[in-house]
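Okay, so here's the structure we're looking at.
The values are calculated or read from the model by the stated rules, or taken from the named source; none is laboratory data. Treat the numbers as computed from the prediction; the structure is a model and nothing was measured. A quick note on method: Cβ atoms are made from the backbone with ideal geometry, for glycine too, and the neighbour counts reach across all protein chains shown. When the accessible area is computed, the model is the full protein with side chains, heavy atoms only, and any ligands, DNA or RNA have been set aside. Shrake-Rupley method; radii C 1.70, N 1.55, O 1.52, S 1.80 Å.
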Amino acid sequence: MKAIVQDVYGSKDVLQLRELDKPIAGEGEVLVRVHAAGLDRGVWHMMTGLPYLIRILGFGFRGPKIPVPGMDVSGEVESVGSGVTRFKVGDEVFGTCEGSFAEFVCTKEEKLALKPESSSFEEAAALPVSALTALHGLRDCAQLEAGQKILIIGAGGGVGTYAVELAKHYGAIVTGVCGPSKQELVRSVGADHVIDYTKDDFTELDERYDQIFDIAGNRPLSKLRRALAPRGTLVIVGGEEGDRWLGGTHRQIGALLLSPFVKHNLRSFISEENQADLQVVKELAEAGALKPVIGKTYPLEQAAVALEDIEAGHATGKSVILVAQ
Ligand SMILES: NC(=O)c1ccc[n+]([C@@H]2O[C@H](COP(=O)([O-])OP(=O)(O)OC[C@H]3O[C@@H](n4cnc5c(N)ncnc54)[C@H](OP(=O)(O)O)[C@@H]3O)[C@@H](O)[C@H]2O)c1
C-alpha cells in the first residue's frame, strides 16, 4: 500500500511517499481502507517532534515511534480482527488511529464509530480530533451555559469553527476572533459578533465575557483576563509560538498555577478521544449542529504541502487529505 512515512523528526522534507505492507487487523482491531485523513496542528507537532515536551511524553525521543503520520480517519472496514463485535466488513466508519496518511490503517474498535449518515468521507475525516476538542473544551472544561457571553479566539480554524458551532448549539452569545479573511466564514458558522484581530484588540475594548475560549494567538494571561467578567472562565485550548521545549504550553501551565489565587477560573485540558463522545459528535453532525468547514484538500502525495500550510498558522476550517476517491 502507499503511505507517507517519516524516519526522523523535522520539517516537511522528512515525509516520503513509500510502499509498505498492508497491515493485518489484530485482536480487537479493525482494518480500515482509508478514504480521507484529517489534518491538524497535532500532526505537525508529531512530524517536527516539537515542542520537545512531546518527546518526553513518550512519542519517541530521537525519532517518531509511529512512522506514518495522521490521526483522523474515515473509510470503509476492510477486515476485522478477533473479538471485534461492533463493526463488519463494508461499514463506513470514522475516528482516530495511528497513521491515517496511508491506504490502509489498523485501529482499535473503540476508536471508531459509524460515519455520520449526512457526512461525506471528506467531512467525516475532518471531525474527530478537532470536534472532540471543541466538545471537551466547551462542555466539560468550560461547562458553557445558555445565555453566557463567550469569546472564541482562533474562531476560523479547525477547532475554532467547531467551537463556534457548538457554543451556538449550547445557546451562548458568541464573539469570534479571527483574521480579515475569515470574518464572513465565522459569521456563517454562527458567531453573533466577529472581531478582526488585525484591526481591534479585544483586550482594549469595553466588552467583558463570561467565558474566553483561547485557541490561537498566544496572548498573555494578564491581557486575556482584562476581557473576562469578574468571575469569568478562561479556557486555554492551545496556541503556538512558544519555545522549543514547551511550545505554547507555558500559558496552560501558568493558568493552572495562577487559578487558585484569583477570582477568575483559569483552566486548560487535553482532549482524549473516546467512543462515547465520538458517538456524540456523530449525532451532532447528523443533527446539523456540527458542520465541517473544509478549507483545503490535498492528494496523499501532497501531504508535505498540507503540513507546510498548517505550519503557516492561518488554516481556514479543516484541511483534509483525500486518500481514495
Ligand atoms: N487542548 C487540546 O486537547 C488540543 C487539541 C487540539 C488542538 N489543540 C491546539 O489548539 C491550537 C489550534 O488548533 P487548530 O487545529 O484549530 O489550528 P488551526 O486549524 O491551524 O487554526 C488556527 C487558527 O487561528 C487563527 N489565528 C492565527 N493567529 C491568530 C491570532 N493572533 N489571533 C486569533 N486567531 C489567530 C488562524 O487564522 P487567522 O489568523 O487567519 O484568523 C487559524 O484559523 C493548536 O495550538 C493545537 O495544538 C489543543
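Just a few scattered comments:
- Scanning region 226-238 for residues that are in contact with a helix residue (DSSP H, G or I) (Cβ under 6 Å, 6 or more places away or on another chain), within 12 Å of the ligand (Cβ to nearest atom) and in a loop (DSSP other than H, G, I, E, B) returns a single hit, Val237.
- Taking strands (runs of 3 or more DSSP E) as the structural unit, those lying wholly within region 1-103 and holding at least 3 residues that are within 18 Å of the chain's Cα centre (by Cα) and not assigned by TED's automatic domain parsing to the domain that holds Val237 correspond to 29-39, 72-80, 92-96.
- Ala142 vs. criteria modelled with pLDDT of 95 or more, open to solvent by 40 Å² or more (accessible area, probe 1.4 Å) and assigned by TED's automatic domain parsing to the domain that holds Ser259: no
Condition check ((1) closer than 22 Å to Pro292 by Cα; (2) in contact with a Phe, Trp or Tyr (Cβ under 6 Å, 6 or more places away or on another chain)) across all residues:
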residue: Val189; (1), (2): yes, no
residue: Ile195; (1), (2): yes, yes
residue: Ala227; (1), (2): no, yes
residue: His264; (1), (2): no, no
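- Candidate set: region 116-132, residues that are under 21 Å from Gly42 (Cα atoms) and open to solvent by 20 Å² or more (accessible area, probe 1.4 Å); chosen: the one nearest to the ligand (Cβ to nearest atom): Val129
- Within region 244-270, if we keep just the residues that are at pLDDT 95 or above and of a type in the set (D, E, K, R), the residue that is surrounded by the most Cβ atoms within 10 Å (Cβ to Cβ) turns out to be Arg267.
- Within the option set Thr316, Thr297, being part of a strand (DSSP E or B), open to solvent by 40 Å² or more (accessible area, probe 1.4 Å) and within 16 Å of the ligand (Cβ to nearest atom) holds for one residue only, Thr297.
- Odd one out for Gly154, checked against (1) at positive phi; (2) surrounded by fewer than 20 Cβ atoms within 10 Å (Cβ to Cβ): (2)
- Only one of the listed residues (Leu258, Leu284) is in the same structural domain as Arg231 (by TED's automatic domain parsing) and in contact (Cβ under 8 Å) with a residue 12 or more places away in the chain. That residue is Leu258.
- Where Glu308 falls short, out of the listed (1) out of contact with any helix residue (DSSP H, G or I) (no Cβ under 6 Å at 6 or more places or on another chain); (2) over 25 Å from Val189 (Cβ atoms); (3) in contact (Cβ under 8 Å) with a residue 12 or more places away in the chain: (1)
- Count - residues of region 190-220 that are away from the ligand (no atom under 13 Å from the Cβ) and open to solvent by 20 Å² or more (accessible area, probe 1.4 Å): 9
- Residue among Glu241, Glu165 that alone is within 19 Å of the chain's Cα centre (by Cα), open to solvent by less than 30 Å² (accessible area, probe 1.4 Å) and not assigned by TED's automatic domain parsing to the domain that holds Leu53: Glu165
- Filter result (within 9 Å of the ligand (Cβ to nearest atom) and of a type in the set (Phe, Trp, Tyr)) within region 152-189: Tyr162
- In summary, Glu76 fulfils each of the numbered conditions (1) more than 20 Å from Leu284 (Cβ to Cβ); (2) open to solvent by 50 Å² or more (accessible area, probe 1.4 Å); (3) modelled with pLDDT under 95 with the single exception of condition (3).
- Restricted to region 261-279, and to residues there that are among the aliphatic types (A, V, I, L, M) and not in a strand (DSSP E or B), the residue that is nearest to the ligand (Cβ to nearest atom) is Ile270.
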